[in-house]
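Have a look at the structure below before the remarks.
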Amino acid sequence: MAQAILAGGCFWCTEAVFSQLAGVSAVESGYIGGSVPDPTYKQVCGGDTGHAEAIGVTYDPAVISFADLLDVHFATHDPTQLNRQGNDVGTQYRSAVFLNADSPRDAVEAAIARAQAERDAPIVTTIEGPATWYPAEDYHQEYWQGEGQRNPYCLAVIPPKLAKLNKGFAGKLKG
């Protein structure tokens, strides 16, 4: 198994997308890239810790490649918005890929180039890390599958992301 750490706005929204992919065994919401140890959701949302809301994606590279995960990442959020996704504004909502042993820089740079070829506006996704990962509080995990189905914000933001996923990556989805 391998792990990728991706930031693309609200972690509720990105978790909902990546949990649909074949080969993905776990998606954990969390915080990364900041200066405060063991940050809380309230601290991160305040924008003062430097952390990004992110997801840790555990996946089987024999089923889905890191390149495929990156292509999904760039297709299901707006990597041309600096420090925001839609109405979520602040560095905690930045578009980023965090490097680790399973996430080589050259693969990220190649994915950014592929994504840039499809857009007129420049990609502002940062390549960061490695950095310390902090899991988000339990109530944030698998949020879309539970509370998110009743949350107006999630109902407005997540279904369009899932539609992009279904349209562009149908062959990569779980049964």
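Observations, loosely collected:
- Taking the average, over residues, of other Cβ atoms within 10 Å as the packing measure, peptides 83-89, 93-99 rank 93-99, 83-89 from highest down.
- Label-to-label distance, nm, for residues given as residue 138 and residue 67 (7 Å Cα→Cβ offset): 4.1 nm
- Helices that extend 18 Å or more along their long axis by alpha-carbon positions and average at least -1.0 on the Kyte-Doolittle scale are, among the DSSP H runs of the chain, 152-168.
- Selection from 124, 158, 146 lying farthest towards where the dipole of the chain points positive, charges on Cβ: 158
- Scanning residues 5 or more positions from residue 83 or on other chains, those with amide H under 5 Å from its amide H are 95, with H placed 1.01 Å from N in the peptide plane.
- Inverting the pair-averaged 1/r between distinct Cα atoms of the range 2-172 gives 15.8 Å as its Kirkwood hydrodynamic radius.
- Note, ³J(HN,Hα) from phi for the range 27-43, Karplus 6.51, -1.76, 1.60, rounded to Hz, x at Gly and Pro: 10, 10, 7, x, 10, 7, x, x, 10, 9, x, 6, x, 9, 4, 4, 5
- Other residues with beta-carbon under 13 Å from the beta-carbon of residue 160 carry, at +1 per Lys or Arg and -1 per Asp or Glu, a net charge of +2.
- Relative intensity, log₁₀ I(q)/I(0), of the range 30-120 from a Debye sum that treats every alpha carbon as a point, q = 0.10, 0.19 Å⁻¹: -0.29, -0.97
Values quoted throughout were computed directly from the atomic coordinates according to the rules given, and no laboratory measurement underlies them. If you're wondering where the values come from, they're calculated on a predicted model, not measured in any experiment. In this analysis, Cβ positions are derived from the backbone assuming ideal geometry, glycine residues included, and neighbour counts consider all displayed protein chains.
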